[in-house]
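J.: Let me give you the structure first, and then I'll get to my questions.
The values are calculated or read from the model by the stated rules, or taken from the named source; none is laboratory data. Keep in mind that what you see is a predicted model, and the values were worked out from it rather than measured. Cβ coordinates were reconstructed from backbone atoms using ideal geometry, including for glycine residues, and neighbour counts include every protein chain displayed. Accessible surface is based on the protein model in full, side chains and every heavy atom, while ligands, DNA and RNA are left aside. Shrake-Rupley method; radii C 1.70, N 1.55, O 1.52, S 1.80 Å.
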Amino acid sequence: GIFPPCFRGAWVSTAMLRIGRRLTRPALAAGLARIARRSCGSEMAALHKSPIVQLLWKERARQARVTASGAKRQEQILTKSPMSSRVEVQYNFKDDPLLKEQYQNFNGLMQFSKIFEDLDALAGNVAFNHCDDDDPETRMPHLVTASVDRIRLHQGTAIALNQNYAMSGQVSWVGSSSLVIHMKLTREEDAVDVLKANFTFVARDVTTGKSCKINQLLPESEEEKKLFQAADDKIAAMKKARATGKSSSGAGIPPMNSTSKALAQELLDQGRLLQDMPGLAVGDAVLINQTRRETMIICQPQQRNTAGRIFGGYLMRCAYRCAFPTAYMFAGSFPHFVEVDEVTFLQPVEVGDICEFSGQVMLTYTKVRPVLHVEVTASVLKPDLKSSMITNVFNFVFELRPKVGQALPVIKRVFPNAEAVAARVVQIMERHDA
């Protein structure tokens, strides 16, 4: 009875949020009631999301200040500590069967597609905290998810829903107008970090749409300094690779050295043999394009984010729901999620857009267990404009595990039959030392 009509039916009571301190249930309930009274209309986007996303977005709305064009720009750039941006949410699966029900998949394990949404929402709150200059007269920048480096599950771990977890995040690196948020999911029982992720956000001025300067970061602890340096090194390497690729080829595929070119050609030769003379090709292989599976959605207003565009976490969720059956139908054995290798957000997706998700198995190999790399390309189709545009590229990694008393599953190899696909496969192999 504490929520007004616009929030009734939206279950949020057992999710707990901590920004500098842990909120108790009574404090949380009172806070949410205040939020609901203040901005019922602006919070409609949160009503159709997971309990965690709802809570995070409502907290962000509670903290939100002036964003109108008449507000002044931030005049003084602050220097903040990573801890000042920290956000933490609790997953009390052991104590709350309703929360457990919302996150459980058909196999009784975690629905990773929902975790992806929660990570994106939590990263947004962390970015908001860091970019806030505590001046009610300045306008906040528009914060956009630019990319996801990796979302990696701890090796050999399954996120069982008979345990409680905490998801936390804080800023680990800051540039002029971009910032990296480091997040982890920690098991309460033994304090093991079962999942880690890094999201990159960029700041845009809400009136001009151009990049704007944000508060700087001063790492304090040894761990914070280590994370800062790791992100700094990675971003420097990416900038160098991007510059080299543009100057050498002008295409989206960076140039390869002689060893990589030879490997790509070898894969391509195998693929063309498989395509043109399948009777003479290796018997345990298929073409990459034969593994393709596609799904389509129409983006509805219930999937929008706080800025009115389609929520990036929802697109990751849809991509995962394409990648998982693609892997399952190829392997014939239940694929276990290992990591999101990389995600690039190229274009925003608007409400009403038709979005097509096309997934295919790009690479397979066996180390300890059989591994599959599935790439999902999301495209926005506009029939009225006769246009099709790639908006996101997602890369997922799965592994196959033997059932109790059974042998390790066997997995087929895949080969490309196009030069661009062969080059992409080599990129994936080099990134993972496969």
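J.: Please report the carbon-and-sulfur percent of the accessible area for region 136-287; probe 1.4 Å, protein heavy atoms only, DNA, RNA and ligands left out.
T.: Details: 4220 of 8020 Å².
Looking at region 136-287 in its full context, I get 53 percent from C and S.
J.: Here is a further query. Can you work out the accessible area per residue across region 92-226, with the rest of the protein chains kept in place, probe 1.4 Å, in square angstrom?
T.: Working: 5450 Å² over 135 residues.
It amounts to 40 Å² per residue over region 92-226.
J.: Could I ask something else about it? What figure, in Å² to the nearest 10, do you get for the accessible area of Phe228 with a 1.4 Å probe and non-protein molecules left out?
T.: For Phe228, the solvent-accessible surface is approximately 50 Å².
J.: May I pose another question? Need one number: nm distance between label points at Arg413 and His142, each 7 Å from Cα along Cα→Cβ, rounded to one decimal.
T.: 4.8 nm
J.: Turning to a different aspect of this structure: Under a point-charge model restricted to the Cβ atoms of Lys and Arg (+1) and Asp and Glu (-1), what is the dipole moment magnitude of region 304-434 relative to its Cα centre, in debye to the nearest 20?
T.: 400 debye
J.: Could you tell me how far the Cα centroid of region 284-344 sits from the Cα centroid of region 87-125, in Å?
T.: Centre-to-centre distance over Cα atoms comes out at 18 Å.
J.: Between Leu78 and Gln155, what length comes free when the chain is fully extended (0.36 nm per residue of separation minus the Cα-Cα distance, one decimal in nm)?
T.: Numbers: separation 77, 0.36 × 77 = 27.72 nm, distance 3.86 nm.
That works out to 23.9 nm of additional length.
J.: Calculate what fraction, in whole %, of the accessible area of region 375-424 sits on carbon and sulfur atoms when a 1.4 Å probe is rolled over the protein chains.
T.: On the way: 1540 of 2600 Å².
Answer for region 375-424 is 59 percent, counting heavy atoms of protein chains only.
J.: Rounded to the nearest 0.05, what FRET efficiency do Lys386 and Ser211 give with R0 = 45 Å and r taken as the Cβ-Cβ distance? Could you check? Intermediate results must be reported in sequence, preceding the final value.
T.: Numbers: r = 32 Å, r/R0 = 0.71.
FRET efficiency, Lys386 to Ser211: 0.90.
J.: Still on this structure: Between Gln300 and Lys403, what length in nm is gained on full extension when 0.36 nm per residue of separation is reduced by their alpha carbon distance?
T.: Details: separation 103, 0.36 × 103 = 37.08 nm, distance 3.95 nm.
Length difference between fully extended and current span is 33.1 nm.
J.: Hey, with R₀ at 51 Å, roughly what FRET efficiency would Asp276 and Asn92 work out to, going by the Cβ-Cβ distance, to 0.05?
T.: Values: r = 58 Å, r/R0 = 1.13.
According to the calculation, E is roughly 0.30.
J.: Keeping all protein chains in place, calculate the accessible area per residue for region 262-310 (probe 1.4 angstrom), answer in Å².
T.: 60 Å²
J.: For a quick check of understanding: with a 1.4 angstrom probe and all protein chains in place, what accessible area in square angstrom does Lys225 have, to the nearest ten?
T.: 100 Å²
J.: Of the cross-linked pairs Lys196/Lys367; Lys184/Lys367; Lys196/Lys239; Lys80/Lys225; Lys184/Lys226, which ones have a Cα-Cα span greater than 20 Å in the structure shown? Walk me through the numbers before you get to the answer.
T.: Values: Lys196/Lys367 22 Å; Lys184/Lys367 26 Å; Lys196/Lys239 23 Å; Lys80/Lys225 14 Å; Lys184/Lys226 16 Å.
Beyond 20 Å between Cα atoms: Lys196/Lys367; Lys184/Lys367; Lys196/Lys239.
J.: Residue separation times 0.36 nm, minus the C-alpha to C-alpha distance between Glu266 and Arg62: what's the value?
T.: Computed gain between Glu266 and Arg62 is 67.7 nm.
J.: Order Met296, Met140, Met238 by their accessible area, 1.4 angstrom probe, all chains in place, largest first. Don't skip to the answer; put the middle values down first.
T.: Details: Met296 115, Met140 10, Met238 95 Å².
Largest to smallest exposure gives the sequence Met296, Met238, Met140.
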